[in-house]
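Here's the structure we're looking at; comments come further down.
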Amino acid sequence: MKVQQKIILISFGIVLLLGALAAAGSGSVKAGDFLMILGMVGFFAGLLQLIVGLFLLAKTDKRYAQGFLMSGGLLMLIGFATCTANFSMNVH
């Protein structure tokens, strides 16, 4: 398995764990609330990983930077989609 794939899998596991812990810490949580919390954690973790990936571009080994940038982009995309999918559209 490549380094980039390992970084993506590990970061998705961490986001799932942090999202579950955040949802469990907030008391009784409905399914929609859990997905909203998970989406927010995923989006902001992706943003953090993009920043780390940009700093890692200065190193000579670009594999880690590629992994963090890919993981950050995917987490932001999935987190944003998860958050916006929970909003109900009440258009009259």
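The values are calculated or read from the model by the stated rules, or taken from the named source; none is laboratory data. What you are looking at is a predicted structure, and each value in this text was computed from that prediction instead of being measured. With ideal geometry, Cβ positions are generated from the backbone for all residues, glycine too; neighbour counts draw on all protein chains shown.
Here are the numbers for the structure shown:
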{"item": "Region 58-85 - residue that is in a helix (DSSP H, G or I) and small (G, A, S) and, of those, farthest from F12 (Cα to Cα)", "result": "A85"}
{"item": "Residue in region 4-17 that is among the basic types (K, R), in a loop (DSSP other than H, G, I, E, B) and at negative phi present", "result": "no"}
{"item": "The listed residue being surrounded by 15 or more Cβ atoms within 10 Å (Cβ to Cβ), farther than 16 Å from G72 by Cα, free of Cβ contacts under 8 Å to residues at least 40 places away in the same chain and touching a helix residue (DSSP H, G or I) at 6+ places or on another chain (Cβ under 7 Å), out of V29, V41", "result": "V29"}
{"item": "Residue satisfying condition, being surrounded by fewer than 17 Cβ atoms within 10 Å (Cβ to Cβ), modelled with pLDDT under 90 and not β-branched (V, I, T), within set A58, A22", "result": "A22"}
